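A short worksheet on the structure shown next.
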Amino acid sequence: MKTASPFSFPVSPALAAKLAKLGLARDADLVLHLPLRWEDETRITPIRDLLPGETAQVQAVVREASVAYRPRRMLTVTVEDAGGVLGVRFLNFYPSHLKLFQPGASFRFNGEVRGGFLGLEMVHPRFAKADDATPLPTQLTPVYPTTAGLGQATLRKLVERALAAPIADTLPADWLAKLDLPELEASIRLLHQPPLECAVSDLESRRHPAWQRLAFDELLAQQLSLATARQQRTSRATHPLPARQHLTSAFTRALSFALTAAQARTWQEISADLAQPHPMRRLLQGDVGSGKTVVAALACLQAIENGFQAAFMAPTEILAEQHFRKLAPLLSPLGVRCAWISGSQRKSERTAAWQAIAAGEADLAFGTHALFQEAGSFQRLGVAVVDEQHRFGVGQRLALMQKGTEPHQLMMSATPIPRTLAMSFFADLDVSVVDELPPGRTPIVTKLVSAARRDDVLARVREACLAGGQAYWVCPLIEESEKLQLQTAQDTYETLTEQLPELRIGLVHGRLKPDEKQAVMAAFQTHAIDLLVATTVIEVGVDVPNAALMVIEHAERMGLAQLHQLRGRVGRGSRESVCVLLYETPLSELARARLKVIFELTDGFEIARQDLLLRGPGELLGHRQSGLPMLRFADLERDVALLEAARDLAQRCLAHHPDIAARHMERWIGQRQALTSI
């Protein structure tokens, strides 16, 4: 039985499968599948006028063609026109190519001109049979993003067929006039088939008004989608958890410090959210060491004093266990029963902990993703706190949401989210910012040191530790292999033990058993260890005020967010703190730019903004984009004005023109349901 084509014209199942790989499943997707670049095939350049380095099109007749076998197998074709001779080489070819290039046959070749051993040549140009009677294109030729087995000619034909139907504009003409944007149909047709007078530089830099229109429409669809998700969330019911001031007040009184103004403000925002009859989705962000954990603990206590349970999740065992060991001693005297769930616990311990949670005998559960990977369920989950939320996949957070009846959710991030990202990809969340550090924190001095001066750094470490201080020595991140990273940490530990015999040196890495890891961290916290050699497992959550010196090896390999997180492990006491970034030369341009940013800046928000400029939004978003369409046409830094206009229009559109909003989302998001319910 023939399967119906998802397009308005016949497409074979094999071709439909290739198109699906590009996310093309309907006519509208083809219409919005815009070119990567454009090539000018409207003119022929005589061979005598060719210049090395330029891309050109020639029309020439084959003089001879043969297969050479040295230095490697290749097809060489010599072609000529009235004024000159050109060499053409193909390194990958079929036997049929040799038959095709018969002497006297006329072709057009389009490619980059090079200076070869025997004169000018083209390597692997595009070619087509053509002679003087073959008409030249009258428009620039689009080059589309494609996949294996799907040629440009096929894609062009498919796009042309999809463009045969008129394209209705989703936005009224008077709105476009106010926004100073062109019509959608004219914009799309221009980008697929730009007239000759169109400057290729404007098209490729995306400054052309046609691109601006598409960027705006895409941002508007994203804003509508997220605003709709927010509306849907506020229409779903959950248990309100009003402030009772029993446990929360007792906890703040028991603390050895007063909350900062920023902590108090963000706590008030969260407390008010928890009292609502619809689920809270709040992102609590703040720089390293700003005291977010205390605020999150208060949120858990407000749930518990209402007779509900709370879950506190972190992305790694070492961080989840630190939260447990830091908060459990403070909460237990208040009568809060804490449980700890970990993937590496003995089965009997884990079973007992889950039984306590399911029976309601544990008020607060700490853990990693084990909290939602197992079958255990909470008796009455009121609040879920997800630390370092950008490291969790959307699916994992969703699984936690299904553990109870729609709990309130507080997500924490020490990777500050730049304003443009918060306005776009996080627009469905409420955001609270802890924007001041607790008093008594000393500023951290950052030093960039070439690895050639390693001995000077060793002397600095020895001096600091013998004076009663402590230090971290962080080993490089080796993405390719955890085994290799372990070996590097082991080697560094042995080398430092040899070079600094007067110091007590410890080693912590991701492969240690949790109890061994905990023993090393406890020894460092009680000053039984002077120098801690670590892989990046200490990136978040470790708090040793006496450690005021950190050395990071191969700092050029690390990302800005990670360097900033690591640096935040020092500067927690009253000593002057120093972070030494050791780097190997030569530095790549990106590494140099990153090290310059981390050296010059200490404000996490400005560092995150620079990171966004250097890397784009993908990595900063972690896995959030698994459920949200990434932006294809808009650029958050370049298109801030469009983003603000789209945000304002989305609110008005949903409130007064829901039919326009629905049409616009259908065109841009189609059947892809963003996982914005998390």
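Rounded to the nearest 20, the size of the Cβ-charge dipole of the stretch 190-252 about its Cα centre is 620 debye, with Lys and Arg at +1 and Asp and Glu at -1.
Peptides 581-591, 412-422, ordered by how many other C-beta atoms sit within 10 Å of their residues on average, highest first, read 412-422, 581-591. Size estimate for the stretch 63-103 follows the Kirkwood approach: the inverse of mean 1/r over distinct Cα pairs works out to 10.7 Å.
Could you please report the charge total around R114, scoring K, R as +1 and D, E as -1 over all other residues with beta-carbon less than 15 angstrom from its beta-carbon? Show your work: numbers first, answer last.
Numbers: positive: R89; negative: E54, E112, E121.
After counting each charged neighbour, the total is -2.
For the chain, the 222 nm mean residue ellipticity estimated from helices alone, with every DSSP H stretch of n ≥ 4 adding -39500 (n - 2.57) and the total spread over all residues, rounds to -12000 deg cm²/dmol.
Write out the GluC sites (Glu not before Pro) in the stretch 33-78 meeting two conditions: DSSP loop, and at most 10 other Cβ atoms within 10 Å of their Cβ. Write down the numbers at each step before the final one.
Values: sites: E39, E41, E54, E64; in loops: E41, E54.
Counting only loop positions with at most 10 other Cβ atoms within 10 Å, the GluC sites (Glu not before Pro) in the stretch 33-78 are E54.
Selection among A471, L448, Q379 by position relative to the dipole of the chain gives Q379 as farthest towards the positive end (Cβ unit charges, Cα centre). Candidate cross-link partners of K129 among the aspartates and glutamates, defined by an alpha-carbon separation under 17 Å and a same-chain spacing of 8 or more, comprise E41, E64, E80, D81. Using alpha carbon centroids, what distance separates the stretch 559-616 and the stretch 126-144, in Å? Value for the Cα centre distance between the two parts: 51 Å. Give the shape of the stretch 43-136 as rounded, prolate or oblate, defined through the alpha-carbon gyration tensor: a ≥ b ≥ c are the square roots of its eigenvalues, a/c under 1.5 means rounded, and otherwise the shape is prolate if a/b is larger than b/c and oblate if not. Here the stretch 43-136 falls in the oblate category. Relative protection proxy for 96-108, 286-298, from highest mean packing down: 286-298, 96-108 (other beta-carbon atoms within 10 angstrom).
State to the nearest 20 debye the size of the charge dipole of the chain about its Cα centre, where the only charges are +1 on K and R beta carbons and -1 on D and E beta carbons.
1320
For the residue pairs K21/K178; K18/K178; K347/K517; K292/K596; K292/K517, the C-alpha atoms sit more than 30 angstrom apart in K21/K178; K18/K178. The packing ranking of peptides 110-121, 545-556, 502-513, highest mean first, is 545-556, 502-513, 110-121, where packing means the average number of other beta carbon atoms within 10 angstrom of each residue.
With only Lys, Arg, Asp and Glu charged, each at its Cβ (+1 for the first two, -1 for the last two), find how big the charge dipole of the stretch 76-152 is about the Cα centre; round to the nearest 20 debye. Write out the running numbers ahead of the final one.
Values: 6 positive and 6 negative charges, 54 e Å.
It comes to approximately 260 debye.
Candidates F605, L219, P195 compared by Cα position along the dipole of the chain: farthest toward the positive end lies L219, with charges placed on Cβ.
Positive-end ranking of Q345, T141, V431 along the dipole of the chain, with charges on Cβ about the Cα centre, is headed by Q345. State the antiparallel share, in %, of DSSP beta bridges confined to the chain, rounding to the nearest 5. In the chain, approximately 40 percent of DSSP beta bridges are antiparallel ones. Partners of K157 within straight-line reach, counting aspartates and glutamates whose Cα lies under 15 Å from its Cα and excluding those fewer than 8 residues away in the same chain: D27, D29.
Within the stretch 36-83, list the trypsin sites (Lys or Arg not before Pro) lying in a DSSP loop whose Cβ has at most 13 other Cβ atoms in a 10 Å radius.
Working: sites: R37, R43, R48, R63, R72, R73; in loops: R43, R72, R73.
Passing both the DSSP loop test and the Cβ count: R43, R72, R73.
Taking a ≥ b ≥ c as the square roots of the Cα gyration tensor eigenvalues, the stretch 444-601 comes out rounded, since a/c falls below 1.5. In loop segments of the stretch 206-284 as defined by DSSP, the chymotrypsin sites (Phe, Trp or Tyr not before Pro) with at most 12 further C-beta atoms inside 10 Å of their C-beta are F257. Each of L118 and L601 was given a label point 7 Å from its Cα along the Cα-to-Cβ line. The distance between the two points is 5.6 nm.
Only the coordinates and a few stated rules stand behind these numbers; no lab work does. None of these values were measured; they are calculated from a predicted model. Positions of Cβ are backbone-derived with ideal geometry, glycine not excepted, and every protein chain shown enters the neighbour counts.
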